[in-house]
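Peer 1: Let me begin by handing over the structure; questions about it come next.
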Amino acid sequence: MLVPQADVTSLGSAIFAALAAGAFRTIEDAQTALCPEYRVVEPEPEAARVYEDLYALYRELYFAFGKPDAPAVEVGKICPRSAAWPPLQEELHETTDLREEVLAANLELVRRGLVLYTFGNASGIARDESLVVIKPSGVPYEKMKPEDLVVTDIDGKIIEGTLRPSSDLPTHLILYRAFPGIGGVAHTHSRHATAWAQAQKEIPCLGTTHADYFHGPVPLTKPLTPKEIRSGYEVNTGHAIVRRFKNQQPLHSPGVLVAGHGPFCWGTTPADAAHTAVILEEIAAMALETITANPKAISISKHLQKKHFFANMAARPITDRRNRDLLPVVPKSLRARAEGKCTASKIFLRTRLPDVP
Ligand SMILES: [Zn+2]
């Protein structure tokens, strides 16, 4: 369709048509792409027909609205294809599961004494949908419910939730983008790990407890520059971490000390990330006490480090069915479009139909 800029009505219709045809994931995406330049969009006939069905349903509902004698409308009658759509509950259930996992990971940080008040945050990602679930900002842990958690897309746009996401969300998102093998991130200001971050020292591998989880020292980022602090601080924190891992596998060192700030940890699941945060705190405390006992303590041999790390890694179960088949971080709708597999059912899983009497 050709979208003339001057014709706002046509533009609005085109945006919704393009959205329904699966060309964009959100109204905002469609607006960004379709305004203000002229664009030509060719909807897939299959998907366009579904849009027409939906439009018929919309008209039916619109003209019946507020009329006491209006006939009851059944979605399936007006839009028979809807019967073939996979149940909406299935996708919501996925998000519900992830909300519960992320809430449990956040509570684990509190239970283990890693978090005071509202410091710290944990998140998780459903790679298939590129949806991130994160703790809301400023809600006391003891009152937090799964529905309080915020669901965003990989760009940080809120998909579900009425509360503000944690202010560290941009850092989490940078990590999810850069490290496709991770499924959860946990950030704390836990005392001992933060002490090392503030001292701007990597934690040397002084024993096998450390070697079981981190292959080599716990890495430290470079401090941010004044310019990086002034603008896009949280994003730049993420970039500083990613730069530190330029030549290092993120799952071989599942956490980092951000200089002058504190630890960020990750894992294949939110629970895994929280677990690593707990372990890192213990490793940090042990290392401080080791150095107090013997300031000349040295790292264990590379051979012993390697043996412990890889033996422990092999023994860990793969618990995350969601992220087992890791895919590039590309929104599903765009990926499907690129592969020519954009089907109506995939598109309309995202469409919330109104409750029909
Ligand atoms: Zn912090």
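The values are calculated or read from the model by the stated rules, or taken from the named source; none is laboratory data. Since the model is a prediction, treat every value here as computed from it, not as a measurement. Glycine gets a Cβ as well: all are built from the backbone with ideal geometry, and neighbour counts include every protein chain shown. Surface areas here come from the heavy atoms of the whole protein model, side chains and all, with no ligands, DNA or RNA. Shrake-Rupley method; radii C 1.70, N 1.55, O 1.52, S 1.80 Å.
Peer 1: If you go through region 82-119 one residue at a time, how many are modelled with pLDDT of 85 or more, open to solvent by less than 30 Å² (accessible area, probe 1.4 Å) and more than 15 Å from R191 (Cα to Cα)?
Peer 2: 6
Peer 1: I'd like the full set of residues that are within 16 Å of the ligand (Cβ to nearest atom) and within 10 Å of the chain's Cα centre (by Cα), limited to region 174-189.
Peer 2: Result: I174, L175, V185.
Peer 1: Another question about this same structure. Which residue pairs have Cβ atoms closer than 8 Å, lie 6 or more positions apart in sequence or on different chains, and pair a first residue in region 162-176 that is more than 13 Å from S137 (Cβ to Cβ) with a second residue that is among the aromatic types (F, W, Y) and assigned to a strand (DSSP E or B)?
Peer 2: Sorted first by the residue in region 162-176, then by its partner, the pairs are T171/F264; L175/F264; L175/W266.
Peer 1: Within region 156-185, which residues are of a type in the set (D, E, K, R) and in contact with a Ser or Thr (Cβ under 9 Å, 6 or more places away or on another chain)?
Peer 2: Scanning region 156-185 gives K157, E160, R164, D168.
Peer 1: State whether the residues of region 204-222 include one that is farther than 17 Å from N312 by Cα, within 16 Å of the ligand (Cβ to nearest atom) and assigned to a helix (DSSP H, G or I).
Peer 2: No, region 204-222 contains no residue that is farther than 17 Å from N312 by Cα, within 16 Å of the ligand (Cβ to nearest atom) and assigned to a helix (DSSP H, G or I).
Peer 1: Now a separate question. Of K227, K222, which residue is more than 13 Å from V258 (Cβ to Cβ), open to solvent by 30 Å² or more (accessible area, probe 1.4 Å) and free of Cβ contacts under 8 Å to residues at least 60 places away in the same chain?
Peer 2: Working: K222 fails: more than 13 Å from V258 (Cβ to Cβ).
So the residue among K227, K222 that is more than 13 Å from V258 (Cβ to Cβ), open to solvent by 30 Å² or more (accessible area, probe 1.4 Å) and free of Cβ contacts under 8 Å to residues at least 60 places away in the same chain is K227.
Peer 1: Under 8 Å by Cβ, and 6 or more places apart or on different chains, what pairs join a residue from region 185-202 that is over 19 Å from G267 (Cα atoms) and part of a loop (DSSP other than H, G, I, E, B) with one that is open to solvent by 10 Å² or more (accessible area, probe 1.4 Å) and away from the ligand (no atom under 14 Å from the Cβ)?
Peer 2: Every condition considered, the pairs that remain are Q200/L220; Q200/P223; K201/L220; E202/W196; E202/P217; E202/L220.
Peer 1: Shifting gears a bit: Can you tell me which residues in region 284-306 are surrounded by fewer than 11 Cβ atoms within 10 Å (Cβ to Cβ) and in contact (Cβ under 8 Å) with a residue 40 or more places away in the chain?
Peer 2: I298
Peer 1: For region 195-207, how many residues are open to solvent by 50 Å² or more (accessible area, probe 1.4 Å) and either within 16 Å of H252 (Cβ to Cβ) or touching an Asp or Glu at 6+ places or on another chain (Cβ under 6 Å) (or both)?
Peer 2: Taking region 195-207 as the starting set, the residues that turn out to be open to solvent by 50 Å² or more (accessible area, probe 1.4 Å) are 198-202.
Subsequent filtering for residues that are either within 16 Å of H252 (Cβ to Cβ) or touching an Asp or Glu at 6+ places or on another chain (Cβ under 6 Å) (or both) retains 202.
Adding up the residues that qualify gives 1.
Peer 1: Being within 16 Å of the ligand (Cβ to nearest atom) and closer than 16 Å to V235 by Cβ is true for just one of S166, S137. Which residue is that?
Peer 2: Exactly one of S166, S137 is within 16 Å of the ligand (Cβ to nearest atom) and closer than 16 Å to V235 by Cβ, namely S166.
Peer 1: Cβ contacts < 6 Å: first residue in the same structural domain as Q249 (by TED's automatic domain parsing), restricted to region 263-281; second residue assigned to a helix (DSSP H, G or I) and open to solvent by 10 Å² or more (accessible area, probe 1.4 Å), any location; separation 6+ or different chain. Result?
Peer 2: Partner pairs satisfying both residue conditions: P270/E101; A274/E108; I279/Y213; E281/H192.
Peer 1: Identify all residues within region 114-140 that are over 19 Å from H192 (Cα atoms), touching a residue at least 40 places away in the same chain (Cβ under 8 Å) and assigned to a loop (DSSP other than H, G, I, E, B); write none if there are none.
Peer 2: Hits for region 114-140 are R127, D128, E129, S130.
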